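As structure tokens, the structure follows; a few thoughts come after it.
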Amino acid sequence: MKMCAHIFRKDLSKLKWLIGVWILLALFYFLNNTSYFLDNYKMQIQLTDINSFIASLQYLMIIVIVPMLIHVDALVGNSAFWLTRPISRKELLVSKISFILVFLILIPLLSEVAVFINNGVAVKFILLAIPQIVYEKLYFIVPVFILATLTRKFSKFALVGIIIMVSLFLFGLVESFFSYLWDIHITEYLSNKTLIKTDPYNVSLEWSISFAKMVFNGVIGIWIILNQFLARNSKKTVKLIVLGVIFVVLINKFWCWDILNIGSLKPKLLNISGSIEIEPQIESVSVSEGQDYNFYKKKQELKYKNVYLIQDIKGLPQAQVAVLDKFKNASMKYAVGKDLTWHEDIVGYGFGSIYEHDSIDAIKAILKDTKIVNPYNKSNSSDILFKIREEDYEKFKDKKGEYSAEGKFNVSEYRITSIIPLVEDTKVWVGPEQVVIYDIVENSLGVKIVLGEKKVDLKLNADLQKDINQFQFYSYNGSSQAFYVLRNKVTGEAYFPDNIDDSQISSPQYNQNILRSRVKQFFYKHKSDQFFALPEINKEWLKDAELVRIDEYKVGYFIKKVRYEQIAFNEKKDYTEKDGFRIYSYDTGEKHWECPDAEANMGTTCVDYCNKQTFCKEYYKSGSLKLEGFYNEGTDNSTVKEYYENGILMYEYTYVDGELDGVVKKYDRNGKLLPERIYKKGKLVE
């Protein structure tokens, strides 16, 4: 053991400057991710970039330190240690492994554990994180270590490493070439073709396979290193590497033991189709272009029309929503002529976003004793009903027929997952995610709340993995599904957030191994063009305020056969054309909207184009003018005026480059000017 200590000290003396830089990187990583910096939401983007830079430097340092550590006492070539120095193979091996464990594993491990402790991560999560951190470090170090044992100096190590990387790159190019020509996906074949058919929803087995690969990768890597140090047989080592890679691939293909035992997360088939009613809005038919083009496979371009229809789904519990996944066996039967069928599945939208207006009723339902003072307007989205070939569309578009198909509808449910006191620096754990309130900014329009979402991602925690998959904290691209309602717990009044599309102001820090962070901001406004006389959000109101967090859960799906009669694929025009104008009417026949037909194209209504400042007019049922919008001197800037039914001016406002800009004037029914509002580039500023 004295020799081991001697070799350890010798290596440290040789690499002291590199080890010093390595320790500094670990220290910088800790400092960069302390709650002091991580909770400073204004620095989130910079912190992410710095973390990425530190991670890149750490990988680069490993590529430099490990081969230099091994090549000091090379295992191959004319300068191999057993030819020049009387060193025990076992003692040399122990000293090198000890050096790597102490400096390349333990130091970054301590750095990351310190980050977790500083950010308030629970002890159970920290204990589960330790083996994951160690494995992730070894996953990169072991291949570098093995390559270093097969080369005698750094130049050879770099050359062989470059050859391996270039070979992998060329393999990718060849795979892409064959994929393009013959639709042969070599990589996909190697990774997905298996003789054992497994449940694709069995996340438990998926993670069990990953865990098994992790263990065997470590065991095989250590075995190869031991063989090279103790047997000094490079040819045998290369053979073992090849056999090890094959063995790991076989594990990936044939492992079928569910050692983590999470259970399948396959969506549950709900036996509710009998209580579900699906009502089509026949007049909502719309059509868009579609095409399927694969020259090498089909030799021709298939053009078709997508037919859309709004469907009202009734009969679900109040807190649940259903979204079309797909239709299959879709057909149209006509009294005269041939029937139309579409043999392939017609894929819908799958699970919708919590922010879609179709979900608003479900969100309101779980806020039972809460009065939403600024509810969103509910708007149904259209589903793809049918695909019809272009040559058939002109023949059948005006014919009415009976549509039938079997639909699969995904069901999700909204639940209140946390009540968060509205106090700065409040930290609340919601499952594997911590919500932190960073800032509460009051202004004349309402309040802006800035919060952080820190997520712990532990692959070795079976319960946590099940929770993450069942409880949709993050979608595939990492965006959170959480919805925050601002509520006064005394009055029961609550606000939905405004500007929800702009809520995320930083991306998750994916370069962190386990702890990921994101900053989001929400605006709650008591002044808006849509709502008047809202409760003022002031200091007194905020004193009793709280955030209600709502999340979306997967519930399952149901199968429902639908049959709609008297449907035609031609879009219904709800307007008449006269002298180059579109004229929309009320149901009773009176003129409602009037706008230039040349501007209102692609099925867009006058309402849409009035909002985009095209010349238009809106009328009351009595025939008096309600609204008029017109260009200012032929530019993109325009003025809009709104009137009371008695003809007195109600509103006057202007648009600049398509956005509300300038003074918004409002008058009462007697023509008296009320307090003005000022907009800048579409944003209310005063």
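The values are calculated or read from the model by the stated rules, or taken from the named source; none is laboratory data. Please read all numbers here as calculations on a predicted model, not as lab measurements. Glycine also receives a Cβ, built like all others from the backbone with ideal geometry; neighbour counts cover every protein chain displayed.
For the structure I just gave you, tell me whether residue 540 is in contact with an Asp or Glu (Cβ under 6 Å, 6 or more places away or on another chain) and either surrounded by fewer than 14 Cβ atoms within 10 Å (Cβ to Cβ) or modelled with pLDDT under 90 (or both). The answer is no for residue 540. Let me confirm something: among 59, 41, 36, which residue is modelled with pLDDT of 90 or more and outside the structural domain of residue 450 (by TED's automatic domain parsing)? Only one candidate qualifies: 59. Residue 633 passes every criterion in (1) outside any strand (DSSP E or B); (2) at pLDDT 85 or above; (3) not assigned by TED's automatic domain parsing to the domain that holds residue 452 apart from (2). Scanning segment 412-427 for residues that are touching a Ser or Thr at 6+ places or on another chain (Cβ under 7 Å) and surrounded by fewer than 17 Cβ atoms within 10 Å (Cβ to Cβ) turns up nothing.
The conditions of being under 23 Å from residue 282 (Cα atoms) and either at pLDDT 85 or above or under 22 Å from the mean Cα position of the chain (by Cα) (or both) are met by residue 350.
When we screen 528, 480, 506 for residues that are under 30 Å from residue 591 (Cα atoms), among the hydroxyl-bearing types (Ser, Thr, Tyr) and modelled with pLDDT under 90, the only hit is 528. State whether one or more residues within segment 414-434 are in contact (Cβ under 8 Å) with a residue 12 or more places away in the chain, among the hydrophobic types (A, V, I, L, M, F, W, C) and closer than 30 Å to residue 329 by Cα. Scanning segment 414-434, I find no residue that is in contact (Cβ under 8 Å) with a residue 12 or more places away in the chain, among the hydrophobic types (A, V, I, L, M, F, W, C) and closer than 30 Å to residue 329 by Cα, so the answer is no.
Yes or no, residue by residue, for (1) in a loop (DSSP other than H, G, I, E, B); (2) at positive phi; (3) surrounded by 14 or more Cβ atoms within 10 Å (Cβ to Cβ):
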position	(1), (2), (3)
76	yes, no, yes
103	no, no, yes
107	no, no, yes
114	no, no, yes
120	yes, yes, no
155	no, no, no
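When segment 646-659 is filtered for residues that are closer than 13 Å to residue 627 by Cβ and surrounded by 14 or more Cβ atoms within 10 Å (Cβ to Cβ), the ones remaining, listed by number, are 649, 650, 651, 652, 653. Of the residues 431, 446, 452, only one is in the same structural domain as residue 515 (by TED's automatic domain parsing) and closer than 23 Å to residue 492 by Cβ; which? Exactly one of 431, 446, 452 is in the same structural domain as residue 515 (by TED's automatic domain parsing) and closer than 23 Å to residue 492 by Cβ, namely 446.
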